[in-house]
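Just below is one structure, and these are the notes that go with it.
The values are calculated or read from the model by the stated rules, or taken from the named source; none is laboratory data. This one's a predicted model, so the numbers in the text were calculated from it and none came from an experiment. Cβ atoms come from the backbone with ideal geometry, glycine included; neighbour counts cover every protein chain shown.
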Amino acid sequence: MSNVKYKRVLLKLSGEALAGDQGQGINPPEIHEVAKDIKQVYELGVQIAIVVGGGNMWRGEAGAKIGMERAQADYIGMLGTVMNALALQDALEAVGVPTRVQTSIEMRQIAEPYIRRKAIRHLEKNRIVIFAAGTGSPYFSTDTTAALRASEINAEVILMAKNGVDGIYDSDPNKNPDAKKYSKLTHMDIIQKGLRVMDSTASTLSMDNDIDLVVFNMNEHGNIKKVVEGQEIGTTVEGK
């Protein structure tokens with residue numbers, strides 16, 4: 001453990017990271033590659049919790065825009081995160097990594113209900129814990145879930161894996177070739193500059209609980225390990 005910067009991390013994976021080039025749905029070969037990257041970090045002795053999004057399945061905001069009641073649309077999105085969590089669990093266990101899925105919406109036949117102390121005990125026993133179904137309440141994003149769970153399990157950092165984006169920029173680098181990349185920021189910078197990294201609730205929660213955030217490119221295999229080892233890639237957002 002002496003060669004790592006962080007001993008307990010929360011990895012935030014977007015649903016799109018599990019879809020790969022196909023953009024939607026679950027792509028088993030892509031999930032297998034993600035699992036191998038996570039295993040590299042696990043073998044360092046790092047305790048890993050994961051919050052997975054559901055954007056590859058469904059987005060509550062999109063459902064609301066076409067006339068669906070927002071809370072109902074959000075619940076559908078939460079179920080999408082459960083499907084992603086189960087697929088990721090299968091891929092991790094296929095490469096020999098013990099894993100538990102905990103859901104904020106109770107569904108005992110397929111996963112444990114979220115219990116904070118039990119989640120921490122799993123981490124202490126070197127099991128990866130995947131948190132699914134968001135916070136269990138509508139109107140809260142999986143970014144907010146990541147900040148909340150990181151606070152609850154006393155994670156040192158949130159590792160935010162992005163699809164094809166290698167950090168935080170002052171504008172969209174896909175649209176503006178002159179976009180400036182930040183190497184270091186604070187959560188207050190994120191809020192004041194209106195940077196679209198996490199929603200404001202997640203940023204405030206991370207700031208209040210002094211949790212660092214590292215935003216990096218998930219598409220380059222091995223990046224999760226590099227971040228945990230303290231290599232300066234992506235953008236680091238300080239807790240204060």
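General remarks:
- Scanning segment 153-186 for residues that are among the charged types (D, E, K, R) and exposed (fewer than 11 other Cβ atoms within 10 Å of the Cβ), we see that the one that is farthest from Asp143 (Cα to Cα) is Asp178.
- Residue ranges of strands (runs of 3 or more DSSP E) in segment 92-163 with at least 3 members not aliphatic (A, V, I, L, M): 99-103
- Scanning segment 70-87 for residues that are surrounded by 14 or more Cβ atoms within 10 Å (Cβ to Cβ), hydrophobic (A, V, I, L, M, F, W, C) and closer than 17 Å to Thr142 by Cα gives Ala73, Ile76, Met78, Leu79, Val82, Met83, Ala85, Leu86.
- Every condition in (1) under 18 Å from Thr235 (Cβ atoms); (2) crowded, with 23+ Cβ neighbours inside 10 Å holds for Gly134 except the one numbered (1).
- Selection status of Met160, on the phi < 0 side of the Ramachandran plot, within 13 Å of the chain's Cα centre (by Cα) and modelled with pLDDT under 95: yes
- Filter pass, Ile233 being outside any loop (DSSP other than H, G, I, E, B) and among the aliphatic types (A, V, I, L, M): no
- Leading residue by the ranking (nearest to Leu159 (Cα to Cα)) among those in segment 189-207 that are in contact (Cβ under 8 Å) with a residue 40 or more places away in the chain and over 16 Å from the mean Cα position of the chain (by Cα): Ile190
- Being in a loop (DSSP other than H, G, I, E, B) and loosely packed, with under 14 Cβ neighbours inside 10 Å holds for only one residue in Gly55, Gly67, and it is Gly67.
- Counted residues, segment 88-99 - those being crowded, with 17+ Cβ neighbours inside 10 Å and either touching a Leu at 6+ places or on another chain (Cβ under 8 Å) or not aliphatic (A, V, I, L, M) (or both): 3
- Remark: pairs (first residue in segment 44-66, free of Cβ contacts under 8 Å to residues at least 40 places away in the same chain; second residue charged (D, E, K, R); Cβ separation under 7 Å; 6+ apart in sequence or on different chains) = Ala64/Arg70.
- Boolean, His221 is closer than 27 Å to Val4 by Cα, surrounded by fewer than 16 Cβ atoms within 10 Å (Cβ to Cβ) and modelled with pLDDT under 90: yes
- When the residues of segment 187-216 are filtered to those that are outside any helix (DSSP H, G or I) and modelled with pLDDT of 90 or more, the one that is surrounded by the fewest Cβ atoms within 10 Å (Cβ to Cβ) is Asp210.
- Among the residues of segment 224-237, none is identified as among the acidic types (Asp, Glu) and surrounded by 20 or more Cβ atoms within 10 Å (Cβ to Cβ).
- Options Leu18, Leu44, Leu79: the member that is part of a loop (DSSP other than H, G, I, E, B) and either at negative phi or among the basic types (Lys, Arg) (or both): Leu44
- Screening segment 108-118 for residues that are hydrophobic (A, V, I, L, M, F, W, C) and surrounded by fewer than 20 Cβ atoms within 10 Å (Cβ to Cβ) and picking the one that is farthest from Ala87 (Cα to Cα) gives Ile115.
- Within segment 1-56, the residues that satisfy the criterion of being β-branched (Val, Ile, Thr) and over 21 Å from Ile211 (Cα atoms) are Ile26, Ile31, Val34.
- Residue match in segment 142-152 (condition: within 28 Å of Arg100 (Cα to Cα) and surrounded by fewer than 20 Cβ atoms within 10 Å (Cβ to Cβ)): yes
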